[in-house]
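Below is one structure, written out as structure tokens; the observations come after it.
Any read-out appearing in this document is the output of simple, stated calculations on the displayed coordinates, not a laboratory observation. Everything numeric in this text was worked out from a predicted model, so none of it was measured. So basically every Cβ, Gly included, is an ideal-geometry build from the backbone, and we count neighbours across all protein chains shown.
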Amino acid sequence: MSDGAERSVAPGDDARASDVEARPRPQYGEYATPEEQRARIQRPEVTEALEAGVAPQPEPVAPVAEKAIPSAGAGRMGLRGPLWDRILTGGLLAYGLVSTVSTIVQLLDFPTYAETAAKILGVDASYTNLSAGYLWGAVAAFIYGIGWLLTAVLTWRRLRRGRVAFWIPLAGFVVTALLAGLCVTLALVGDQQFMTAIIGSVPN
């Protein structure tokens, strides 16, 4: 039996076994898998450890940072200012809108606007410089409209940041009234007869 077993071994098996023993031990990763080669390229210390006969330490895995989930209430609170400021600011903007629309309608009919202002002063005068009146009246109306829109935008942005904003409608009204008032003055001065009647009504 032993002789038969020995004869059953193919003659080439001894040659292949000797080739395996004679094959040089890989030193530079030529028998490594592509994944192992990439790992050694990315981590040179792995190659050094293997050549020294030391088992390489596994690469530490960085902990995944948990995303902070902001609470729903915190986001809304950051977009609002104090309650009293929001109420006051909203009231000022609403009043400014009504006043702005009413003033624009009056300025677009500037002769009637000027004569109404004269009657309030107790003067019966007619505005005759129609071309200048309609021109400067339209410019003043445009300034009132743009002034309110800019004021509303600035106020909204400040409220979203949670800051006190009631003073912005007040400041916007003052600036807008000054610019529009300059246009109205230029229109009135353009009518000498009208201005003479107004000045003549002023007591000495």
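Computed from label points 7 Å out along Cα-Cβ, the spacing between residue 97 and residue 157 is 2.0 nm. Taking 0.36 nm per residue of sequence separation and removing the Cα-Cα distance, the residue 123/residue 175 pair yields an extension gain of 15.8 nm. Ranked by the mean number of other Cβ atoms within 10 Å of their residues, highest first, the peptides 109-121, 125-137 fall in the order 125-137, 109-121. Fully extending the segment from residue 185 to residue 149, taken as 0.36 nm per residue of separation minus the present Cα-Cα distance, adds 10.6 nm.
With a simple spin-label model that places each label point 7 Å from the Cα along the Cα-to-Cβ direction, the separation between residue 138 and residue 192 comes to 2.6 nm. For residue 112 and residue 201, FRET efficiency with R0 = 22 Å and r from the beta-carbon atoms, rounded to 0.05? Efficiency at R0 = 22 Å is approximately 0.70.
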